[in-house]
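The values are calculated or read from the model by the stated rules, or taken from the named source; none is laboratory data. The structure presented is a predicted model; accordingly, all values stated were derived computationally and were not measured. Note that each Cβ is placed from the backbone with ideal geometry, even for glycine, and that neighbours are counted across all protein chains shown. Quick note on the areas: whole protein, heavy atoms, side chains included, nothing else; ligands and nucleic acids left out. Shrake-Rupley method; radii C 1.70, N 1.55, O 1.52, S 1.80 Å.
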Amino acid sequence: MAVSNSITAILNFIIFLSSIPVIAAGIWLASKPDNECIQLLRWPVVVLGGLLLLVSLLGFVGAYWNRPGLLAVYLFFMAVLIILLLIVLIIAFTATRPEGATHPVAGTRFQEYSLDGYSSWLRRHVTSSGSWPNVRTCLAVSDVCRQLNREFSTAEQFFAADISPLQSGCCKPAAACGYKYENPTTWANPENPTADPDCLLWSNEKSRLCYECSGCKAGLLENLRQEWRKANAVLVAAVVVLVFVYLVACAAYKNAQIQNISIRYKHGWI
């Protein structure tokens, strides 16, 4: 087996092992309540991790046993996989690059969010009138807000908690509305209600809460932004490794072809 083939076989075994954290990152993303409710963003990393595993096995077999045909198929699918990863990365970086429009809430550890700070592409695909009803229904039956009632029994505990952006936007009214705390998802009507649409949309009904509020939509986008920023690090590392292995595999494929031509020439087959 040529040196480049040996290197390719070893690197593809490493890729096989590295596909495990990629799949794990995809499963972690898919298990988050926000991603569970957005099918478009839920499974791409898991699928890419699975493809990475299969392609690495193909490359290992083709390089180790010096099979030019398998290496050619491997190189084709590797190129496709690199392109797909780059597309996902570009979309992820474009959608998560802007910092969300945030402002702290006095006397608490959490922040509130507005839609203006997020990419138009992400807003269009998640919070549009065609997408949000399904997302809203999914969030309402999830454990996102019920979890707060189990964890915090007093106002002091709740206001000192580091709740998620999704919980901050969807499970309580905006601080500016002036509602009075009773429990994390039950608030007494303010004495002087404001005309802010989010304030008027709040309801103590557990199926409604603030799921129609713009603050809830912004909190969901902030959750997505934070989670995908973490996943992007795994994807960038995967692209770097794949490009390097692809270049070595090209050399292995060339060597395999030269070796086969030499053997056929030696035996007088050509």
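What the table below lists for this structure:
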| item | result |
| --- | --- |
| Dipole magnitude of the chain about its Cα centre (Cβ charges: Lys, Arg +1; Asp, Glu -1), debye to nearest 20 | 1320 |
| Pair Asn134, Val47: separation of 7 Å Cα→Cβ label points (nm) | 1.4 |
| Partners for Lys32 among aspartates and glutamates (Cα-Cα distance below 15 Å; same-chain residues under 8 apart left out) | Asp143, Glu222, Glu227 |
| The range 19-94, relative contact order [Cα under 8 Å, separation at least 6], % | 25 |
| For the chain, with +1 on Lys and Arg beta carbons and -1 on Asp and Glu, the positive-most of Cys210, Leu29, Leu51 along the dipole | Leu51 |
| Cα-projected label distance for Trp121 with Thr154, points at 7 Å along beta-carbon direction, nm | 4.8 |
| Of all accessible heavy-atom area on the range 29-185, the percent that carbon and sulfur account for (1.4 Å) | 62 |
| Additional length obtainable on full extension of the chain from Arg109 to Ser203, 0.36 nm per residue less Cα span | 31.5 nm |
| Paramagnetic reach from Thr102 in the range 132-168 [backbone N under 14 Å; point 7 Å along Cα→Cβ] | 162-168 |
| Unpaired by the 4.7 Å Cβ criterion, cysteines found in the chain | Cys250 |
| Point-to-point label distance, Ala237-Thr194, nm (Cα→Cβ direction, 7 Å offset) | 4.3 |
| Span from the the range 80-122 Cα centroid across to the the range 155-214 one, whole angstrom | 23 |
| Cβ-based charge dipole, the chain, positive-most Cα from Pro197, Cys250, His125 | Cys250 |
| Helix 132-141 vs. the chain, principal-axis angle (Cα, 0 to 90°, nearest 10) | 80 |
| Accessible area (Å², per residue) of the range 38-135, counting only protein heavy atoms and a probe of 1.4 Å | 52 |
